[in-house]
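Asks: This structure is in structure tokens; I'll ask about it shortly.
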Amino acid sequence: MTETQTALDRVTRVPGVRGALVIAAADGLVVAEQLMEDVDGQAVAALAGSLVLRLARTAESAGLGRPRFLHLRGDAGSVLAAPGADDLVLVAVVGPDANLGLARLELLEAAGRLA
Amino acid sequence: MKALEPWVVDPLETFLAESAARLTLLMTSSGQVVAQHGFSRSLDVMTAAALGAGIVASTEELARLTGAGRFEGLVHNGQRQSCLLAAFATPRGRWIGLVVFGPETSVGIVRLFFDQMVHQLVAAAPRELAPSAPMLAENFETELNASLKALFGR
């Protein structure tokens, strides 16, 4: 099993996670995904990629360095993102009842192993 | 942004606002321009439309030869600008979109909102075809000039 597949498996095992993707941030394209049927991977990849790049520019302009973790909270759930190496970003789409603490830990650990 | 048919305007304006595309050209599969954004010279539009239609025709033939069916789109990634060329079906026949975009957006964003624009165009297209005269060689230049005048206002 590849590191990418392992990362997706670890994240999607967390209760409440509805899907996980590895995306190329600059292109906003899906590299690999494990998603429930109602999650639009193409849209998540495009929008999360754009968000990560813009927030990275914002954080660097503010002297905060490179962001390590993003949490976008909505009424019906959250989008979590952890940038890894080589422009790759590990993204999770989680429901409102998800274990966010565990999802965050798994995302950070798995994103660190992405090559 | 200029469009020859009014029902194209809303989907195209939404696409331009969401995608941050620099140039956009919508044309029929024969290269007849339907709408354009960002081009300042009619010669550029004519050249881009002819090249775009030619590339799509070539890639579709290549897809047929290789048994790939139809390619959904073609992306050229450049250092300063990139280009998406994609054909799609509408109630008015097969159309082609040519989009040029820079690093302020991404191919994922452009592709996402391009697909949304296609859905909106298909939904907005009038179902009955407008009556049109047959395209004759002697009418071609007049039709072309009328289209360019509508797209560039001169």
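Asks: Residues of the range A:1-59 being closer than 22 Å to A:R113 by Cα, part of a loop (DSSP other than H, G, I, E, B) and charged (D, E, K, R), which ones?
Replies: Across the range A:1-59, the qualifying residues are A:R13, A:D27.
Asks: I need the full set of residues from the range A:60-82 which are under 17 Å from A:A111 (Cα atoms), assigned to a loop (DSSP other than H, G, I, E, B) and not aromatic (F, W, Y), in order please. Please lay out each step first, then the result.
Replies: To start, the set of residues in the range A:60-82 that are under 17 Å from A:A111 (Cα atoms) comprises A:66-71, A:79-82.
Adding the requirement that they be assigned to a loop (DSSP other than H, G, I, E, B) leaves A:66-69.
A:R66, A:P67, A:R68 - these are the residues of the range A:60-82 that are under 17 Å from A:A111 (Cα atoms), assigned to a loop (DSSP other than H, G, I, E, B) and not aromatic (F, W, Y).
Asks: For the range B:46-58, indicate whether the set of residues that are more than 13 Å from the chain's Cα centre (by Cα), of a type outside the set (F, W, Y) and part of a strand (DSSP E or B) is non-empty.
Replies: no
Asks: Now for a separate question. If we keep just the residues of the range A:18-34 that are open to solvent by 10 Å² or more (accessible area, probe 1.4 Å) and aliphatic (A, V, I, L, M), which is nearest to the other protein chains (Cβ to nearest Cβ)?
Replies: Among them, the one singled out is A:L29.
Asks: Continuing with this model, one more query. All but one of (1) within 13 Å of chain B (Cβ to nearest Cβ); (2) of a type outside the set (A, V, I, L, M, F, W, C); (3) closer than 21 Å to A:A76 by Cβ hold for A:R54, so report the exception by its number.
Replies: Single failed check for A:R54: (3).
Asks: Which residues, taken from the range B:29-45, are outside any loop (DSSP other than H, G, I, E, B) and among the hydrophobic types (A, V, I, L, M, F, W, C)?
Replies: B:V33, B:V34, B:A35, B:L43, B:V45
Asks: For the subset of the range B:23-32 comprising residues that are open to solvent by 40 Å² or more (accessible area, probe 1.4 Å) and touching a residue at least 24 places away in the same chain (Cβ under 8 Å), which member is nearest to B:P6 (Cα to Cα)?
Replies: That would be B:Q32.
Asks: Another question about this same structure. Checking the conditions here, which among B:A57, B:A50, B:A35 is of a type in the set (A, V, I, L, M), touching a residue at least 40 places away in the same chain (Cβ under 8 Å) and within 23 Å of B:R92 (Cβ to Cβ)? Before you say what the answer is, go through the steps one by one.
Replies: Values: B:A57 fails: touching a residue at least 40 places away in the same chain (Cβ under 8 Å); B:A50 fails: touching a residue at least 40 places away in the same chain (Cβ under 8 Å).
On inspection, the qualifying residue turns out to be B:A35.
Asks: Here is a further query. Identify all residues within the range A:33-62 that are without any contact (Cβ under 8 Å) to a residue 40 or more places away in the chain and under 18 Å from B:R111 (Cβ atoms); write none if there are none.
Replies: Scanning the range A:33-62 gives A:E33, A:D40, A:G41, A:Q42, A:A43, A:A46, A:L47, A:S50, A:L51, A:V52, A:L53.
Asks: Same structure, new question: Filter the range B:67-82 down to residues that are at pLDDT 90 or above and open to solvent by 30 Å² or more (accessible area, probe 1.4 Å) and give me whichever is farthest from B:R22 (Cα to Cα).
Replies: At the first step, the residues of the range B:67-82 found to be at pLDDT 90 or above are B:74-78, B:80-82.
Going one step further and asking which of them are open to solvent by 30 Å² or more (accessible area, probe 1.4 Å), we end up with B:74-78, B:80-81.
On the way: B:L74: 17, B:V75: 15, B:H76: 15, B:N77: 14, B:G78: 14, B:R80: 12, B:Q81: 9 Å.
Top of the filtered list is B:L74.
Asks: Among the numbered criteria (1) at pLDDT 95 or above; (2) in contact with a Ser or Thr (Cβ under 9 Å, 6 or more places away or on another chain); (3) part of a strand (DSSP E or B), which one does B:L26 miss?
Replies: (2)
Asks: Still on this structure, please answer the following. Restricting the search to the range A:46-102, which residues are open to solvent by 70 Å² or more (accessible area, probe 1.4 Å), touching a Lys or Arg at 6+ places or on another chain (Cβ under 9 Å) and farther than 17 Å from A:A20 by Cα?
Replies: Selection gives A:E60 alone.
The values are calculated or read from the model by the stated rules, or taken from the named source; none is laboratory data. Since the structure is predicted, the reported quantities are computational estimates derived from the model, not experimental observations. Quick reminder, even Gly has a Cβ in these numbers, built from the backbone with ideal geometry, and neighbours come from all protein chains shown. When the accessible area is computed, the model is the full protein with side chains, heavy atoms only, and any ligands, DNA or RNA have been set aside. Shrake-Rupley method; radii C 1.70, N 1.55, O 1.52, S 1.80 Å.
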